[in-house]
Amino acid sequence: VSSGAGDLRQRKKQNCTESDKMAPEGRNKENSKLGRSPKYVLIQRFAKLFFGCLAAVTSGMMYAVYLSTYHERKFWFSSRQELEREITFQGDSAIYYSFYKELLKAPSFERGVYELTHNNKTVSLKTINAVQQMTLYPELIASVLYQASGSEEVIEPVYFYIGIVFGLQGIYVTALFVTSWVMSGTWLAGMLTVAWFIINRTDTTRIDYSIPSRENWALPYFACQVAALTGYLKKNLNCSAEKFCYLLVNASTYTFMMMWEYSHYLLFVQAVSLFLLDSFALAQTEKVHEVYRIYLFSLIVGYLLQFENSALLVSPLLSLVVALMFSKSLQVNMKKSTFVSRLLKIMYIYLVLTVAVTLNFLLKMFIPHKENEHLLKFIEVKLGLNTTKNFTMNWLLCQESLQAPSQDFFLRLTQSSLLPFYILVLIICLFSVTQVIFRRICGEPLKETVKLEDGRIGERPEIVYHVIHTILLGCLAMCLEGMKYLWTPYVCMLAAFGVCSPELWMTLFKWLRLKAVHPILLALILSMAVPTIIGFSLWKEFFPRIMTELTELQEFYDPDTVELMTWIKRQAPVAAVFAGSPQLMGVIKLCTGWMVSSLPLYNDDDLLKRNENIYQIYSKRSAEDIYKILTSYKANFLVIEDSICNEVGPVRGCRVKDLLDIANGHVVCEEGDNYAYSKYGRFCHEIKMNYSPYVNYFTRVYWNRSYFVYKINTVISFQS
């Protein structure tokens, strides 16, 4: 093994040396033919690199400023009090930001981390490791930066926090710019990528709805990883650039895994793309397996630093990577087009899949894991393999992000011209890749250097990778609308690369066999003309809309919630525990600091069960049943939301009260008719009537148009 590893390192060194020597010689020959001096070429290359980098950085900075301006116009953030600002964080976002606040209030960073890892002041009767369970590494980093940079006297904590997130979104856009630039060779593709990304912002990012969400922290690092991987997969890359890309892939992969609990699933999709790329012998095997080692290292380090997170050990990524590395020995001589090598290739693919599935099954059998069991149950129900009356499963199935994408989504992408050009580019690349695979099967070797006149865009490994990657992400996006935020940014990138790439147009002209016009000249013209026309049309149609967004003053004000939080801070005891919907409990925890009975988190079985039990306040159950549920969690106050109790949803059967009736057996469906069976009225309605037995268990202490707060009696007084 050691001798084999030494041979591999020696081959890599020789390849780097040869490419470093051959590249200048080839360029010098080409320049001498064109009558250019090396000095002129050096200046030209430097100017192209300088202006491209300047355009990439400027695009990212402008997008970050755009997000900040839009956020200010939407929420009037600068003119709000702290309580009103915090109310803009809803659901799980409120929980993430509340822990950031707690870290800043702690006497020291070490003490703050200890309190988060042994947290018993958030959820009643429960001590949680919040850093592990909620992936709070972004908040840890933000708090360290805020205190270490001495920003306490310069900027408020909330502005520093959202400023980091907006800055990361700028890096996200810059990484997409660079990826498209590296693939096409022109930074015009990067500009078009950014334009499409911003115009389709509703479908490319969730930053408008949930600033602190984990994907807003993590996806910029994944975009950097994809950009570095694109460069790393390129042929004839000089040694310095290859090392830089390799190090960047290392750093960004590890950081991405630490920022998001579901990152290993997205890396699994990427690993499958690389596996297919290598299986068809379209990339250097050594490079692909180096990426596998990066995955393995990141999983091991992530497991250790995430408090021995068992979800990483049973992840499909680990099983696939181990299977690939175990089966690598069978890939000897596969690049040669003999019958034996083709047979070995089929055996190799079969062995990898078999070992990966078997290993994952064994790991799940012997390693205790509860974190993602609900995901498997959800997939079963989603695919129609199982049915359930479980409230949590049905509630998840009713969420918009877990539905199939609507027609409006495809209409928006078509109106911005993104979808038609993406389909065109994808078809050309896919057919070219298919031709290359067929040639490899027939024994034709890949060219070391693909020239423009060859018209073989499918022989470039980085292009093949992106084609496979977007197809896999697209399949997921067609099943779950929430996955569009992973797919659409790379649709923007691939479409922009295609229309700006002379090689893609040349590939098309090779198939059409143009003779009237010189195909190379026409490809160069179209690669400049088409994106320019697209850019001007987008500018004319969408730029006024974007400027209107920035100049139009919007108003987000929720006086009822402000009044509720103010009453809690002034009137409720410090040791009080509040019960209500998980989304509202997150806001109460952030704005008041009081303990709550549930949280809007869906990666813990106990919290999921708590949420379902607390939601029973909107079901048709007796006052005694609800009282027993609430007191079992040591709740002192109950908050009923009128919006849930009187909800009139667009889809009947997806309202909270409908799902509770189904789970409790209070609704029987026969031939399309619904029959309700319950001797009790709906609790949230009945308690407002102030009659026995409800007044025996609960005393109303506060109400406004949206909320009703009841004190849970410790001593039950029976009234007639």
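The values are calculated or read from the model by the stated rules, or taken from the named source; none is laboratory data. From a predicted model like this one, the values you see are computed outputs, not experimental measurements. Heads up, the Cβs are rebuilt from the backbone with ideal geometry, glycines too, and the neighbour counts pull from every protein chain shown. Surface accessibility is based on the protein's heavy atoms, side chains included, excluding ligands, DNA and RNA. Shrake-Rupley method; radii C 1.70, N 1.55, O 1.52, S 1.80 Å.
Below is a table of values for the structure above.
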{"read-out": "Test result for TYR114, in contact with a Pro (Cβ under 8 Å, 6 or more places away or on another chain) and of a type in the set (Phe, Trp, Tyr)", "value": "no"}
{"read-out": "Filter result (polar (S, T, N, Q), part of a helix (DSSP H, G or I) and open to solvent by 30 Å² or more (accessible area, probe 1.4 Å)) within region 118-143", "value": "GLN132, GLN133"}
{"read-out": "Residue match in region 620-637 (condition: open to solvent by less than 20 Å² (accessible area, probe 1.4 Å) and among the hydroxyl-bearing types (Ser, Thr, Tyr))", "value": "yes"}
{"read-out": "Helices (runs of 4 or more DSSP H) wholly inside region 381-471 that include at least 3 residues being surrounded by 20 or more Cβ atoms within 10 Å (Cβ to Cβ)", "value": "391-398, 418-441"}
{"read-out": "SER240 vs. criteria assigned to a loop (DSSP other than H, G, I, E, B) and either of a type outside the set (Val, Ile, Thr) or crowded, with 21+ Cβ neighbours inside 10 Å (or both)", "value": "no"}
{"read-out": "Among (1) within 26 Å of PRO405 (Cα to Cα); (2) within 21 Å of the chain's Cα centre (by Cα) - the single one LEU168 does not satisfy", "value": "(1)"}
{"read-out": "Residue list for region 169-218, filter: farther than 21 Å from HIS71 by Cβ and among the β-branched types (Val, Ile, Thr)", "value": "VAL178, THR179, VAL182, THR186, THR193"}
{"read-out": "Out of TYR114, TYR96, sole residue that is hydroxyl-bearing (Ser, Thr, Tyr), open to solvent by 50 Å² or more (accessible area, probe 1.4 Å) and outside the structural domain of ALA579 (by the TED database)", "value": "TYR114"}
{"read-out": "Test: residue in region 199-214 that is assigned to a helix (DSSP H, G or I), assigned by the TED database to the domain that holds PRO544 and over 16 Å from the mean Cα position of the chain (by Cα)", "value": "yes"}
{"read-out": "Residue tally, condition free of Cβ contacts under 8 Å to residues at least 60 places away in the same chain and hydrophobic (A, V, I, L, M, F, W, C), over region 448-503", "value": "6"}
{"read-out": "Residue count for region 74-85, restricted to those that are open to solvent by 50 Å² or more (accessible area, probe 1.4 Å) and closer than 14 Å to TYR557 by Cβ", "value": "3"}
{"read-out": "Test: residue in region 330-342 that is modelled with pLDDT of 70 or more, open to solvent by 70 Å² or more (accessible area, probe 1.4 Å), hydrophobic (A, V, I, L, M, F, W, C) and assigned by the TED database to the domain that holds PHE268", "value": "no"}
{"read-out": "Selected residue (only one of ALA223, ALA271, ALA218, ALA251 is closer than 20 Å to GLY60 by Cα, out of contact with any strand residue (DSSP E or B) (no Cβ under 8 Å at 6 or more places or on another chain) and free of Cβ contacts under 8 Å to residues at least 60 places away in the same chain)", "value": "ALA218"}
{"read-out": "Residue within region 200-222 that is of a type in the set (Phe, Trp, Tyr), under 22 Å from CYS245 (Cα atoms) and at pLDDT below 95 present", "value": "no"}
{"read-out": "Test set (1) of a type in the set (Ser, Thr, Tyr); (2) open to solvent by less than 20 Å² (accessible area, probe 1.4 Å); (3) modelled with pLDDT under 90 - TYR680 fails condition number", "value": "(2)"}
{"read-out": "Whichever residue in region 149-174 is outside any helix (DSSP H, G or I) and aliphatic (A, V, I, L, M) and, among such residues, is most open to solvent (accessible area, probe 1.4 Å)", "value": "VAL154"}
{"read-out": "Residue satisfying all of: in region 30-55; surrounded by fewer than 10 Cβ atoms within 10 Å (Cβ to Cβ) and farther than 23 Å from TRP187 by Cα; modelled with the highest pLDDT among these", "value": "GLY35"}
{"read-out": "The listed residue being among the small types (Gly, Ala, Ser) and in contact with a Leu (Cβ under 8 Å, 6 or more places away or on another chain), out of GLY185, GLY190", "value": "GLY190"}
{"read-out": "Lone unmet requirement of (1) open to solvent by 60 Å² or more (accessible area, probe 1.4 Å); (2) not in a helix (DSSP H, G or I) for LEU524", "value": "(2)"}
{"read-out": "Residues of region 625-644 satisfying the condition of being charged (D, E, K, R) and closer than 19 Å to LYS609 by Cα", "value": "ASP625, LYS628, LYS634"}
{"read-out": "Looking only at region 57-103, and only at residues there that are outside any helix (DSSP H, G or I), in contact with a helix residue (DSSP H, G or I) (Cβ under 8 Å, 6 or more places away or on another chain) and not β-branched (Val, Ile, Thr), the one that is farthest from GLN583 (Cα to Cα)", "value": "PHE89"}
{"read-out": "VAL301 vs. criteria open to solvent by 10 Å² or more (accessible area, probe 1.4 Å) and within 18 Å of VAL467 (Cα to Cα)", "value": "no"}
{"read-out": "Failed criterion for THR354 (all others in (1) part of a helix (DSSP H, G or I); (2) modelled with pLDDT under 85; (3) surrounded by fewer than 15 Cβ atoms within 10 Å (Cβ to Cβ) hold)", "value": "(2)"}
{"read-out": "Looking only at region 607-623, and only at residues there that are touching a residue at least 40 places away in the same chain (Cβ under 8 Å) and among the aliphatic types (A, V, I, L, M), the one that is nearest to VAL639 (Cα to Cα)", "value": "ILE617"}
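Here's the yes/no breakdown for (1) β-branched (Val, Ile, Thr); (2) touching a helix residue (DSSP H, G or I) at 6+ places or on another chain (Cβ under 7 Å); (3) under 19 Å from LEU351 (Cβ atoms):
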residue	(1), (2), (3)
ALA283	no, yes, no
ARG293	no, no, no
ILE300	yes, no, no
PHE307	no, yes, no
LEU313	no, yes, no
SER319	no, yes, yes
MET325	no, yes, yes
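Each row is one residue, and each column tells you yes or no for (1) outside the structural domain of CYS429 (by the TED database); (2) under 25 Å from the mean Cα position of the chain (by Cα); (3) part of a loop (DSSP other than H, G, I, E, B).
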{"residue": "LEU274", "(1), (2), (3)": "no, yes, no"}
{"residue": "VAL288", "(1), (2), (3)": "no, yes, no"}
{"residue": "ARG293", "(1), (2), (3)": "no, yes, no"}
{"residue": "ILE300", "(1), (2), (3)": "no, yes, no"}
{"residue": "GLU308", "(1), (2), (3)": "no, yes, yes"}
{"residue": "LEU318", "(1), (2), (3)": "no, yes, no"}
{"residue": "LEU324", "(1), (2), (3)": "no, no, no"}
{"residue": "LYS328", "(1), (2), (3)": "no, no, no"}
